[in-house]
Amino acid sequence: MTKPHFYITTPIYYVNDKPHIGHAYTTIACDVMARFKRLDGFDVKFLTGVDEHGQKVYQTAHKAGITPQALADKVSVNFREMNRLLDITEDQFIRTTEPFHQKAAQALWQKMADAGDIYLGKYAGWYSVRDEAFFSEDELTKDAAGNKTAPTGAPVEWMEEESYFFKLSAWGDRLLDFYEKHPDFIQPSYRKNEVVSFVKSGLRDLSISRTTFDWGVPVPGDEKHVMYVWVDALTNYISAIGYPNTDSDGFKNFWPADVHVVGKDILRFHAIYWPAFLMSAGLPAPKRVYAHGWWMAEGQKMSKSIGNVISPEYMVGKYGVEASRYFLLREVTFGNDGDFSHTAMVNRINAELANNLGNLVQRTLSMIAKNCEGKVPQPGILEDADRELLQKAGQQMLVEVRDQFEKLQFSRAIEEFISVANAANLYIDAQAPWKLKKTDPARMATVLYVLAETIRNLGIIIQPFTPNAAQKILDQVAVGAHERNFSFIGEAHGLKAGTPLPAPSGAFPRIVDENAEEAKTA
């Protein structure tokens, strides 16, 4: 039986600096989604990588006294290392300096040119090197020193040069029609309004080549020009799956992409420029573009000058990879802005993972080890309370979590399985198996079996978020490696009574609140 296909991408990250929490957030979100889909029976393509061209990279390399390629080679390693640190399972890591990608970018350019959507002209306007974007006069503001700045706060400079243009102005009505026919293309839905408003205000033709530097993909037939970095960068989503060979298995199986996950600051490039480029070239647009928010730190915007930038290395070093993955997707509704707070991290991990889910696993398996010879108990006749918990922890949980994943609502998906853990802890308190040991050992065995089954299902469902802890939990209830995908969730695939279980050990350690400890000793 052929598996359904699922294609998810991060943006490709600029190589002019080290990874920060924003890069980690996007990549973790895509990894969790990719893991979920694999466990749910999909053939998944998860793409991430780095954008190695453009004026920003050129200038950074020049300041460092090295070639742009040397800078790209050096910094791209940081992003690969971030992925290993965060336990990311990408299927491909793309670099835009790879020859196959440059060939694809030139092929896409040629298709747009053949369609009559590219012409040679001269450009004059305000350009932000940091954003790799031009801005109109009415989009600019002034900083404290009176200098013009882009909407992102980045400095801008006046630029004049010969340039090739993409006829974006001709695509306004076609894009609006596309948005209307594909209402889920831009998500979250509230982001759609800003894109539609921008398009309705009138699109200007887009400058898509540069001659003032040579670090980029040469324009076909006119190599004194290099492609605008966004034409080059956006092409990675199709070059990675075989374009320009649209008959390749990769392209046929995975295009159009199911979702491009991006930061809200680059939504315009993905929701306006990218579908216009693709449709000009006769290709379908992706199914969805999902724009998430930004992270602050303790209520402040992250800034190098303030010194409050959270790096992935710092976060994992302080809290561990499992807690970091969980917190970033739990704390904030995906799409909204978030605030990284050490107190929030400690409270969230201790309350939900250590005290709730971790405690459920530890005390259940400890009771089984002590009272059932360390083997899966033999259940008797199930009572209503037993069936209710098993139903909640079985297909019902999977359906509800799956529904939230379809909407990329990771925090709400977590709420669904945390509510199951809550219910299981309440069930323990109500059933009191430590009392049943004396009054009704057979009933105690049934209660502990129901709890072990609940833990098995929880261990399977949490794998995308905390894969190592989930593996530890599933090992402790003797679930084989081939029985850990979502098809094994539910009563039909329950634990076998009498199966020996290893000695229980904690899966979610508590985090010490250093601020609270300091207050005690003050």
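Readers should treat all values here as calculations from the given coordinates under stated rules, not as data from a laboratory. Note that the structure is predicted; figures quoted are calculated from it, not measured. Note that each Cβ is placed from the backbone with ideal geometry, even for glycine, and that neighbours are counted across all protein chains shown.
Hey, got the dipole for the stretch 147-193? About the Cα centre, +1 on K and R Cβ, -1 on D and E Cβ, debye to the nearest 20? All intermediate terms of the calculation are to be shown ahead of the outcome.
Numbers: 6 positive and 8 negative charges, 60 e Å.
So the magnitude is around 280 debye.
For the chain, find the longest principal axis of its Cα atoms and tell me its angle to the long axis of helix 99-114, 0 to 90°, nearest 10.
60 degrees
Once the Cα atoms of helix 55-64 and of the chain are each reduced to a long axis, what angle between those two axes, in degrees from 0 to 90 to the nearest 10, is obtained?
With both axes taken from Cα atoms, the answer is about 90 degrees.
From the P(r) of the stretch 343-493, can you give the percent of Cα pairs sitting at distances over 28 Å?
Details: 1792 of 11325 pairs.
Above the 28 Å cut-off, the stretch 343-493 has 16 percent of its Cα pairs.
Can you divide the C-alpha Rg of the chain by 2.2 N^0.38 Å and report the result to two decimal places? List each step's numbers first, then the result.
Numbers: Rg = 26.4 Å, N = 522, 2.2 N^0.38 = 23.7 Å.
Cα Rg divided by the expected 2.2 N^0.38 Å: 1.11.
Past 32 Å, Cα to Cα, is the threshold; run Lys37/Lys192; Lys45/Lys200; Lys192/Lys318 against it and keep the listed order. Intermediate values should be presented prior to the final figure.
Working: Lys37/Lys192 26 Å; Lys45/Lys200 34 Å; Lys192/Lys318 37 Å.
Correct reply: Lys45/Lys200; Lys192/Lys318.
So which aspartates and glutamates pass the test for Lys252, namely a Cα distance under 16 Å, with those fewer than 8 places away in the same chain ruled out?
Asp43
Would you calculate, for the chain, the mean residue ellipticity at 222 nm contributed by helices, counting each DSSP H stretch of 4 or more residues as -39,500 (n - 2.57) and dividing by all residues, to the nearest 500?
-13500 deg cm²/dmol
Would you mind putting 131-141, 291-301, 31-41 in packing order, based on average other-beta-carbon counts within 10 Å, highest first? Don't skip to the end; give the middle numbers.
Working: 131-141: 14.8, 291-301: 16.6, 31-41: 21.4.
Result, highest mean Cβ count within 10 Å first: 31-41, 291-301, 131-141.
Karplus couplings for the stretch 340-356 from phi (6.51 cos²θ - 1.76 cosθ + 1.60, θ = phi - 60°), rounded to Hz, Gly and Pro as x?
Couplings: 7, 10, 5, 5, 4, 4, 4, 5, 5, 5, 5, 5, 8, 8, 6, 6, 9 Hz.
Quick one: of the DSSP bridges fully inside the chain, what percent are antiparallel, nearest 5? Can you show the working numbers first?
Numbers: 25 of 48 bridges.
Of those bridges, close to 50 percent are antiparallel.
What list of ³J(HN,Hα) values in whole Hz, one per residue of the stretch 218-231 in order, does the Karplus curve 6.51 cos²θ - 1.76 cosθ + 1.60 (θ = phi - 60°) give from phi, with Gly and Pro shown as x?
The phi angles translate into x, 6, x, x, 8, 7, 6, 9, 10, 5, 3, 4, 6, 4 Hz.
Which residue, Leu234, Gly250, His270, has the largest displacement toward the positive end of the dipole of the stretch 201-280 when charges sit on each Cβ (Lys, Arg +1; Asp, Glu -1)?
Going by the Cα projections, it comes out as His270.
Can you find, among Ser128, Met33, Asn425, the residue sitting farthest towards the positive end of the charge dipole of the chain, where Lys and Arg contribute +1 and Asp and Glu -1 at Cβ?
Most positive-ward Cα: Asn425.
With unit charges on the beta carbon (Lys/Arg positive, Asp/Glu negative), name the residue among Leu382, Pro464, Val477 whose Cα is farthest towards the positive pole of the charge dipole of the stretch 343-493.
Selected residue: Val477.
Lys pairs in the stretch 343-493, Cα-Cα under 30 Å, at least 8 apart or on separate chains: how many?
18
How far is helix 395-406 tilted off the main Cα axis of the chain, in degrees rounded to 10, range 0 to 90?
Once rounded, one gets 10 degrees.
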